[in-house]
Amino acid sequence: MDYEEYRRHDATGLARLVAEKQVTPAELMAVARARLAEVNPQLNAVVRDVPCDPDEPRTGPFAGVPFLIKDLGQDYAGLPSSQGSRALQTMPAAEHSTTVQRWLDAGLMIFGKTNLPEFGAKGISESEAWGPARNPWDLGRTPGGSSGGSAAAVAAGIVPAAGANDGGGSTRIPAACCGLVGLKPGRGLTSFGPGASELMHGAAVQGVVTRTVRDSAAMLDVIAGGEPSGPYVPGAPSSSYLSAVGRDPGRLRIGVRVPSAITPDPHPEAYAAVEGAVRTLTDLGHDVEELPEAPFDDAALAAEFLLAWFVVISWEVAEAKRLTGAGDDAFERDTRLMAALGAATTGPEYVDAVERRHQHARRLTTYFETYDLLLTPTLATPPPRVGAFELPAPLRIAADALLRTGTARLLKHTPVVDDMVQKNLGWVPYTQLANVTGRPAISLPLHWTADGLPLGVQLVAPLGGEPLLLSLAAQLEQAVPWADRRPPLG
């Protein structure tokens with residue numbers, strides 16, 4: 001098999017070729033590794049090799065398909081999970097994550113781990129540990145984060161699908177940046193075990209980035225479900241998620257919102273992305289209405305999300321120090337600033353931020369009494385340039401002084417937190433809602449800018465709405481095909 005034929009198939013299609021003995025796993029792996037060698041020096045998408053014998057017998061729905069996993073939350077026994085941090089680059093995992101084991105049981109050939117920001121804490125993938133990942137649609141731009149390496153690898157055709165996870169948009173943001181499908185399942189549907197319970201109180205979930213809706217659905221069938229040490233047994237639909245692909249979603253009522261309290265004036269391309277989606281949805285017979293205001297308090301949600309996020313980063317840094325003996329200099333400046341803000345948060349403040357999530361969930365539940373889905377852009381701007389979020393030199397000097405003197409916690413009493421909300425969430429103000437409320441959401445590549453850059457559209461569903469999202473996504477995929485669009489790289 002040559003690369004052109006390999007690239008024409010999604011993971012489901014490649015698995016069928018293997019099952020029908022039209023191609024061998026070894027032939028697929030040879031193509032994947034050749035493509036990796038060709039484009040990864042430019043992309044920096046894959047940062048660690050995983051030993052893989054393509055001749056090893058495999059069974060399962062994806063037997064013999066090459067696959068990559070994220071270097072965070074997807075442990076591979078015997079290899080480090082760096083989480084994008086220099087402190088953890090050499091510490092091996094004791095066992096496979098449940099999700100990784102399920103991928104292996106499905107027959108996938110895992111041969112690498114992908115790039116990300118330190119602790120997955122940003123919407124870009126630019127760590128000091130691995131260097132920046134780059135977008136195959138424009139090497140000067142970010143592929144997003146935190147699953148940016150996975151998205152870059154899929155968009156560039158190294159693999160048809162790759163592991164991702166999502167605690168604030170980390171599957172959907174890179175999917176939008178790279179022209180892919182990014183499904184965030186609902187809370188508790190996928191597992192971070194056996195080594196962890198619920199990351200970020202259940203806001204974070206496992207998933208994949210793919211080129212096709214059917215791959216996203218079939219991959220969810222593989223990884224969905226609880227485990228004996230998990231916090232609960234998640235509900236499951238009466239039929240497979242894959243069976244939702246091709247099913248008529250019926251006539252849906254969809255509310256649309258583009259402006260947000262964080263970004264009241266999104267980029268014109270964000271409006272264009274939604275306008276195109278609205279036209280297609282209307283042509284398909286759905287009822288689409290512009291909402292006069294957001295169906296939740298997006299300003300409060302953003303502030304509460306970041307407060308809880310900083311506390312989690314503070315714990316992540318402390319845990320890494322405990323495990324490795326690393327000092328402060330093993331962590332990036334921005335990470336240490338976030339950790340300092342997290343450490344300055346009191347227990348009651350943290351619990352208050354977490355408990356307030358229920359208020360947002362109730363408001364969204366009320367919204368879903370009238371509407372079936374919520375439609376927004378996934379990004380408020382086209383993918384930013386690599387390095388766009390680096391602190392200016394004067395701020396770097398000031399931050400270093402605060403960290404050196406142990407006074408960074410005082411930033412809590414300055415406007416810096418509001419500035420961080422704008423800096424970190426201003427271009428991605430839409431994705432945290434689904435994490436905070438635990439609802440499923442999907443980003444679809446329905447729009448490319450005038451410069452040829454992807455900019456996704458997001459749909460958010462009520463609890464248990466994964467089949468509805470997949471059904472409508474497949475309908476949109478048929479109406480506006482995207483899987484054959486290819487970046488100029490290589």
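When you restrict to C-alpha pairs under 8 Å that are six or more residues apart and normalise by the size of segment 140-289, the relative contact order lands at 18 percent. Straightening the chain between Leu284 and Arg253 buys 10.0 nm, computed as 0.36 nm per residue apart minus the Cα-Cα spacing.
Within 10 Å of each candidate Cβ there may be at most 15 other Cβ atoms; applying that plus a DSSP loop requirement, which trypsin sites (Lys or Arg not before Pro) in segment 234-295 survive?
Here the trypsin sites (Lys or Arg not before Pro) that fit, given the DSSP loop and packing criteria, are Arg247, Arg251.
Over all alpha-carbon pairs of segment 5-98, lay out the pair-distance distribution in 5 Å bins, whole %, shortest bin first. In order of increasing distance, the bins hold 3, 12, 20, 19, 20, 16, 8, 3, 1, 0 percent. By the beta-carbon count within 10 Å of each Cβ, the least crowded to most crowded order of Trp137, Trp448, fewest first, is Trp448, Trp137.
For segment 33-172, the calculated P(r), taken from all Cα-Cα distances in 5 Å bins from zero up to the bin holding the longest distance, is 2, 12, 22, 24, 21, 13, 5, 1, 0 percent.
Say R0 is 41 Å: what FRET efficiency, to the nearest 0.05, do Ala393 and Arg486 get from their beta-carbon distance? That gives a FRET efficiency of 0.60. When the alpha carbon gyration tensor of segment 296-338 is reduced to an equivalent ellipsoid, the three semi-axes, largest first, read 27, 10, 4 Å. Once both labels are positioned 7 Å from their Cα atoms along Cα-to-Cβ, the gap between Leu410 and Glu56 label points is 5.5 nm. Sorted from greatest to least, the principal axis extents spanned by the alpha carbons of segment 203-284 come out as 47, 32, 25 Å.
For segment 40-69 and segment 328-361, what is the separation of their Cα centres, given in Å? For segment 40-69 versus segment 328-361, the Cα centre distance is 35 Å. For Arg48, the residues whose amide H sits under 5 Å from its own are Lys113, ignoring neighbours fewer than 5 places away on the same chain, with H placed 1.01 Å from N. Taking the charge dipole of segment 121-200 about its Cα centre, with +1 at Lys and Arg Cβ atoms and -1 at Asp and Glu Cβ atoms, the residue from Leu180, Gly144, Ser127 reaching farthest to the positive side is Leu180. Rounded to whole numbers, the Karplus 3J(HN,Hα) couplings from phi for segment 190-204 are 10, 10, 9, x, x, x, 9, 9, 9, 6, 6, 6, x, 5, 9 Hz, using 6.51 cos²θ - 1.76 cosθ + 1.60 with θ = phi - 60°, and x at Gly and Pro. Loop-resident GluC sites (Glu not before Pro) (DSSP state other than H, G, I, E or B) in segment 246-305 with no more than 13 further Cβ atoms inside 10 Å of their Cβ: Glu293. Taking amide H as placed 1.01 Å from N in the peptide plane, the amide H of Lys184 sits under 5 Å from that of Ala441, Ile442, Ser443, each at least 5 places away or on another chain.
Each residue of segment 111-183 gets 77 Å³ once the volume of the Cα convex hull is shared out per residue. Residues whose amide H lies under 5 Å from that of Arg141, counting only those 5 or more places away or on a different chain, are Asn135, Val386; hydrogens are built 1.01 Å from N in the peptide plane. For segment 21-113, trypsin sites (Lys or Arg not before Pro) are listed when DSSP marks them as loop and at most 14 other Cβ atoms sit within 10 Å of their Cβ; the list is Lys21.
Between rounded, prolate and oblate, where does segment 152-302 land on the alpha carbon gyration tensor, with a ≥ b ≥ c its root eigenvalues, rounded for a/c under 1.5, else prolate if a/b exceeds b/c?
It comes out prolate by the Cα gyration axes.
If one puts a single equal scatterer on every Cα of segment 1-43 and applies the Debye formula without solvent, what log₁₀ I(q)/I(0) results at q = 0.16, 0.25 Å⁻¹? One equal scatterer on each Cα of segment 1-43 leads to -0.41, -0.86.
Can you figure out the FRET efficiency of Arg322 with Glu349, using R₀ = 30 Å and their beta-carbon distance, to the nearest 0.05? My answer for the efficiency is 0.80. Remark: segment 106-120, residue by residue, has Karplus-estimated 3J(HN,Hα) of 7, x, 5, 9, 7, 10, x, 10, 10, 6, 6, x, 4, 6, x Hz, where x stands for each Gly or Pro and the curve is 6.51 cos²θ - 1.76 cosθ + 1.60 at θ = phi - 60°.
By the rule of a C-alpha distance below 16 Å, with chain neighbours fewer than 8 residues away ignored, the lysines paired with Lys184 are Lys70. Across segment 379-392, coupling constants 3J(HN,Hα) worked out from phi with the 6.51/-1.76/1.60 Karplus curve, θ = phi - 60°, read 10, 8, 9, x, x, x, 6, 4, x, 5, 9, 5, 5, x Hz, and Gly and Pro carry x.
The label-point distance for Glu369 and Asp419, in a model that sets each label 7 Å from Cα toward Cβ, rounds to 4.3 nm. When the P(r) is computed for segment 30-69, the part past 14 Å accounts for 56% of the Cα-Cα pairs. Model label sites at Gln22 and Ala401, defined 7 Å from Cα along the beta-carbon direction, differ in position by 6.6 nm.
Bear in mind that the values in this text are calculations on the coordinates, not laboratory data. Note that the structure is a prediction, hence the values are computed from the model and not measured. Note that each Cβ is placed from the backbone with ideal geometry, even for glycine, and that neighbours are counted across all protein chains shown.
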